[in-house]
Amino acid sequence: MITVNNRDKLDWRDGMTVRDVLTAMNYTYKLITVTVNGTLVPKEQYDTYRIPDGAQVIVFHLSHGG
């Protein structure tokens with residue numbers, strides 16, 4: 001089991017990646033930042049960065065304006 005944004009629980013599976021978490025949580029916003037257990041994951045690693053069981057995943061939606 002992993003926790004997403006300190007509130008949502010998601011069943012963990014072997015080989016799960018950041019992209020899998022984003023897909024499962026229906027996060028489609030283009031400007032996001034992801035940390036796994038406090039480590040920033042570069043966008044180019046979303047498809048390969050593996051999530052360990054019990055991980056804390058934080059997804060920030062970035063926005064800008066004036």
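The values are calculated or read from the model by the stated rules, or taken from the named source; none is laboratory data. Quantities reported herein were computed from a predicted structural model and do not represent experimental measurements. Heads up, the Cβs are rebuilt from the backbone with ideal geometry, glycines too, and the neighbour counts pull from every protein chain shown. Just so you know, the surface numbers come from the protein's heavy atoms only, side chains and all, with ligands and any DNA or RNA stripped out. Shrake-Rupley method; radii C 1.70, N 1.55, O 1.52, S 1.80 Å.
Which pairs do you get when a residue that is basic (Lys, Arg) and open to solvent by 50 Å² or more (accessible area, probe 1.4 Å), found in segment 1-16, comes within reach of a residue that is at pLDDT 95 or above and part of a loop (DSSP other than H, G, I, E, B), reach meaning Cβ atoms under 7 angstrom, with the pair 6+ apart or on two chains?
9/1
Quick check on segment 24-42: of everything there that is surrounded by 10 or more Cβ atoms within 10 Å (Cβ to Cβ), hydroxyl-bearing (Ser, Thr, Tyr) and in a strand (DSSP E or B), which residue is modelled with the lowest pLDDT?
Ranking the qualifying residues of segment 24-42, first place goes to 33.
Within segment 43-65, track down each residue that is farther than 18 Å from residue 12 by Cα, open to solvent by 80 Å² or more (accessible area, probe 1.4 Å) and not hydrophobic (A, V, I, L, M, F, W, C).
Those that are farther than 18 Å from residue 12 by Cα, open to solvent by 80 Å² or more (accessible area, probe 1.4 Å) and not hydrophobic (A, V, I, L, M, F, W, C): 43, 44, 61, 63, 64.
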